[in-house]
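Working notes for the structure below.
The values are calculated or read from the model by the stated rules, or taken from the named source; none is laboratory data. What you see is a predicted model; the values in this text were computed from it and never measured. Glycine also receives a Cβ, built like all others from the backbone with ideal geometry; neighbour counts cover every protein chain displayed. All accessible areas refer to the heavy atoms of the entire protein, side chains included, with ligands and DNA or RNA removed. Shrake-Rupley method; radii C 1.70, N 1.55, O 1.52, S 1.80 Å.
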Amino acid sequence: MPYSSMSSSQTFPSRSPILVSKPLAPEFTVAIPTYNGEHRLPELLERLRAQVNTEDFRWEILIVDNNSTDQTAEVIRTFQADWPNQYPIRYLFEGRQGSAYARQRAVQAAESELIGFLDDDNIPALDWVAAAYAFAQSHPRAGAYASQIHGDFEAAPPQNFRRIAGFLAITERGPQPLLYDPGKKLLPPSAGLVVRKSVWSRYVPQTFTLRGRVGQSQGQAIAASEPGEDLELLLHIQNAGWEIWYNPDMEMHHKIPHWRFERDYLLAMFRGIGLSRYHTRMLSVKPWQRPLAALAYILNDMRKILRHWLKYRTVIPQDLVATCEMELFRNSFLSPFHHWKKTLKN
């Protein structure tokens, strides 16, 4: 057949545009607030690199640099350059110093519904991410749930340390899941905590009254109000009707340096926890009930002080744990007056 050209009036069939699929959003976010974490982050990130049983869901790592003054940003960039694409690392900077600001920034930026918080001194088990994701699927009413946390001590803790271990984010409540009873006034720390973004966004205020640690440095009383901040966060979620759980399958270790057992540090921490208690106690009390509730707490704190003094008067102040407990009870008693004094000043 002889060759003939097409007529100039002939047109080609139109082509459909090429569609570029957008990557699916992650289903789980590991959020790591850090301040001057250049020496602590590498061990944590290597443990996250080695996570197992995460093939069936998408996840990401979000590091919030809380105004660090060391090489934290450079360390993160080094890891990003050689990191698996399946679970990317994102870096954010939060210039307002304080763990509450860093956590809020992480929640705002997270692309998933589930957000698991790890501090830069936490070392999760190799299946921590998988266990955290799985628990949400089987507990749809869990607004937040916490890890089983063991202590990894740089120095020997003081005698009778188990009595105050929970205040240093050590949580060992047995091998079975546990629902925190609102009536018992006991809640877990934020380290190793998983929250639902939708619950946090709706019920947790943008600004906490208790803002947690600011300006960390060795030996300083940097964590004085941090446990109060954890309680404030979780009480907002629990008061909204969501469940708070302990999940022992989310296992991890908390690295505790020697200076966190120094007397000045511990006493300052317990002083801050005690002074924050009026605020956290009143979060679960209706405004019209607060005067009577405050009086009841004052009387109960007086009873605790007297009972503790009668039991340990011969060893205080030599017994550091007993002294810390007395500092907690004494400042819990003072917390309403501390709160009212601040209110009058403002």
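Using unit Cβ charges (K, R positive; D, E negative) and no other charged atoms, how large, in debye to the nearest 20, is the dipole of the stretch 234-346 about its Cα centre?
Once rounded to the nearest 20, the dipole reads 660 debye.
With the dipole of the chain worked out from charges on the C-beta (+1 for Lys and Arg, -1 for Asp and Glu) around the Cα centre, which of 235, 99, 257 lies farthest toward the positive end?
235
How large is the translational diffusion coefficient of the stretch 113-212 in µm² per second when you combine the Kirkwood radius over alpha carbon pairs with Stokes-Einstein at 4 °C and 1.567 mPa s?
85
Would you compute, from DSSP H runs of 4+ residues alone, the mean residue ellipticity of the chain at 222 nm, taking -39500 (n - 2.57) per run and dividing by the full residue count, rounded to the nearest 500?
That comes out to -12000 deg cm²/dmol.
For the stretch 61-201, what % of the accessible area comes from carbon and sulfur atoms, probe 1.4 Å?
In the stretch 61-201, the share of accessible area belonging to carbon and sulfur is 51 percent.
Taking a cut-off of 21 Å, what percent of all Cα-Cα pairs in the stretch 30-96 are separated by more than that?
I get 21 percent for the Cα pairs in the stretch 30-96 exceeding 21 Å.
For residue 110, list long-range residues whose amide hydrogen, built 1.01 Å from N in the peptide plane, is under 5 Å from its own amide hydrogen.
none
Out of the stretch 28-64, which GluC sites (Glu not before Pro) are coil in DSSP terms and have no more than 11 other C-beta atoms within 10 Å?
Qualifying residues, ordered by number: 55.
Can you bin every Cα-Cα distance in the stretch 28-150 into 5 Å intervals starting at zero and give me the percent of pairs per bin, rounded to whole numbers?
Distribution as computed: 2, 11, 22, 25, 22, 12, 5, 1, 0 percent.
Specify which residue in the list 110, 42, 179 is farthest towards the positive end of the charge dipole of the chain, using unit charges on the beta carbon of Lys, Arg (+1) and Asp, Glu (-1), about the Cα centre.
179
Below 8 Å between Cα atoms, with a sequence gap of 6+, how large is the relative contact order for the chain in percent?
After rounding, I find 18 percent.
For the stretch 244-345, with the dipole built from +1 on Lys and Arg beta-carbon atoms and -1 on Asp and Glu ones, taken about the Cα centre, which of 267, 295, 326 lies farthest toward the positive end?
It is 295.
Give me the one-decimal nm value for the distance between modelled label points at residue 81 and residue 93, 7 Å along each residue's Cα-to-Cβ direction.
1.9
Which value in nm describes the separation of the simple spin-label points at residue 160 and residue 201, placed 7 Å from the Cα toward the beta carbon?
Spacing of the two 7 Å Cα→Cβ label points: 4.8 nm.
With +1 on each Lys and Arg Cβ and -1 on each Asp and Glu Cβ, how big is the dipole of the stretch 94-208 about its Cα centre, in debye rounded to the nearest 20?
The calculation lands at about 620 debye.
State which helices in the chain qualify, where a helix is a whole DSSP H run, it must extend 30 Å or more along its own axis by its Cα atoms, and its mean Kyte-Doolittle hydropathy must be at least 1.0.
none
At q = 0.23, 0.26 Å⁻¹, what log₁₀ I(q)/I(0) does a Debye calculation on the Cα points of the stretch 252-318 give, no solvent, two decimals?
Per q value, in the given order, log10 I(q)/I(0) is -1.04, -1.12.
Sort 302, 252 by heavy-atom solvent-accessible area, probe 1.4 angstrom, most to least.
The ranking, largest first, comes out as 302, 252.
Can you pull the percent of the stretch 232-346's accessible area that's carbon plus sulfur, 1.4 Å probe, other chains left in place?
61
Please work out the C-alpha center-to-center distance from the stretch 37-80 to the stretch 119-161 and express it in whole Å.
Answer, in whole Å: 17.
Determine which residues of the stretch 158-181 fall in the zone a paramagnetic label at residue 243 would reach in this model, i.e. backbone nitrogen under 20 Å from the point 7 Å along Cα→Cβ.
What the label zone holds, given the 20 Å backbone N cut-off, is 172-181.
With every protein chain kept in place and ligands, DNA and RNA left out, what is the accessible area per residue of the stretch 75-155? Probe 1.4 Å, answer in Å².
39
What's the magnitude of the charge dipole for the stretch 119-164 around its Cα centre, counting Lys and Arg as +1 and Asp and Glu as -1 at the beta-carbon? Answer in Debye, nearest 20.
400
Averaging over every viewing direction, what projected area does the convex hull of the Cα atoms of the chain cover, in nm²?
27.2
Would you kindly state how much longer the chain becomes between residue 152 and residue 176 on full extension, computed as 0.36 nm times their sequence separation minus their alpha carbon distance, in nm to one decimal?
In short, 6.4 nm is gained.
Using a Gaussian network model of the chain whose springs link C-alpha atoms within less than 10 Å, name the residue from 166, 183, 274 with the highest mean-square fluctuation.
Among 166, 183, 274, the largest mean-square fluctuation in the Gaussian network model of the chain belongs to 183.
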